[in-house]
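See below for the structure under consideration.
The values are calculated or read from the model by the stated rules, or taken from the named source; none is laboratory data. Bear in mind that the values here come from a model prediction, so they are computed numbers and not experimental data. Reconstructed Cβ throughout: ideal geometry from the backbone, glycine too, with neighbour counts over all protein chains shown. The area values use the complete protein model at the heavy-atom level, side chains included, leaving out ligands, DNA and RNA. Shrake-Rupley method; radii C 1.70, N 1.55, O 1.52, S 1.80 Å.
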Amino acid sequence: MKASITLTVDGRERSLTIDSRTTVLDALREHLDVTSVKKGCDHGQCGSCTVLLNGRRTLACLSLAVAHDGDEVVTADGLAPEGERHAMAQAFLDADAYQCGYCTPGQITSAVGMLGEVDNGHPSAAATDVAAPPRLDRAEIAERMSGNLCRCAAYANIVTAIENAHAAQDGALR
Ligand code: FES
Ligand code: FES
């Protein structure tokens, strides 16, 4: 069955007609040519396809596009719409937080979404006191980013990059 939907992708309204079984990931990559979002495992295990859906980080390979008609999608591309590097992307560069870079768009998008969750007081499994405001130490960052795998194992520098971005953050980070 076909469905016609509209998504706002990286600030631009896009209309498409797709099979109702199409995921957000395939809608982006195969129908809208948005290739900054990566397909790693295609079944929710690697985090490469992470996008912000209405501001919340979401695995695009596990989300049906028809369920998001009218929603806003932000990919790694959309984090710097004016062509300027996003502060999180700069932090990854400064900390040498990637090797092949395949997972990097998902890592950066996830990190930006994660900092929003921290700001909103969401606890993680690493929190020792779930009622207290989150303290974003390395264990917390590792736990909160555990859905994003890096086959090159650049994890130490990824945690450093996020730690540095968080320490330096101001309103421009999100
Ligand atoms: S491609 Fe979506 S989690 Fe791996
Ligand atoms: S930098 Fe290669 S998969 Fe992460």
Farthest towards the positive end of the dipole of the chain, among PHE92, LEU79, LEU28 and with Cβ unit charges of +1 on Lys and Arg and -1 on Asp and Glu, lies the Cα of LEU28
Gap separating the Cα centres of the range 37-91 and the range 1-28, nearest whole Å = 14 Å
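When a/c reaches 1.5 or more, the comparison of a/b and b/c decides; with that in mind, is the range 120-174 rounded, prolate or oblate per its Cα gyration tensor? Intermediate results must be reported in sequence, preceding the final value.
Numbers: a/c = 2.17, a/b = 1.21, b/c = 1.79.
Oblate, because a/c is 1.5 or more while a/b does not exceed b/c.
Which order do ASP77, ASP33, ASP26, ASP42 take by accessible area at a 1.4 Å probe, largest first?
Values: ASP77 90, ASP33 120, ASP26 40, ASP42 65 Å².
Largest accessible area first, the list is ASP33, ASP77, ASP42, ASP26.
Taking a probe of 1.4 Å, how large is the accessible area per residue of the range 87-172, in Å²? Write down the numbers at each step before the final one.
Numbers: 4170 Å² over 86 residues.
It amounts to 49 Å² per residue over the range 87-172.
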Using helices alone, what [θ] at 222 nm do you get for the chain, with -39,500 (n - 2.57) per DSSP H run of 4 or more residues, divided over all residues and rounded to the nearest 500?
-> -8000 deg cm²/dmol
Would you mind classifying the range 34-102 by shape? Square roots of the alpha carbon gyration tensor eigenvalues, ordered a ≥ b ≥ c; an a/c under 1.5 is rounded, otherwise it is prolate if a/b is larger than b/c and oblate if not.
-> oblate
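Explain nothing, just the number: dipole magnitude of the chain about its Cα centre with +1 on each Lys and Arg Cβ and -1 on each Asp and Glu Cβ, in debye rounded to the nearest 20. Numbers along the way, then the final one.
Details: 15 positive and 23 negative charges, 81 e Å.
Charge dipole of the chain: 400 debye, to the nearest 20.
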Using unit Cβ charges (K, R positive; D, E negative) and no other charged atoms, how large, in debye to the nearest 20, is the dipole of the range 2-74 about its Cα centre?
-> 160 debye
How much of HIS68 can a 1.4 Å solvent probe reach, expressed as accessible area in Å² and rounded to 10?
-> 40 Å²
Of every hundred units of 1.4 Å-probe accessible area on the chain, the number belonging to carbon and sulfur atoms, as a percent, is 47 percent
Would you mind classifying the range 47-174 by shape? Square roots of the alpha carbon gyration tensor eigenvalues, ordered a ≥ b ≥ c; an a/c under 1.5 is rounded, otherwise it is prolate if a/b is larger than b/c and oblate if not.
-> rounded
Calculate how steeply helix 155-168 sits against the longest principal axis of the alpha-carbon atoms of the chain, using the helix alpha-carbon long axis, and give the answer as 0 to 90 degrees to the nearest 10.
-> 80 degrees
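How high is the relative contact order of the range 2-74, in percent, counting Cα pairs under 8 Å that sit 6 or more residues apart?
Working: 135 pairs, mean separation 28.0, N = 73.
Reported as a whole number, the value is 38 percent.
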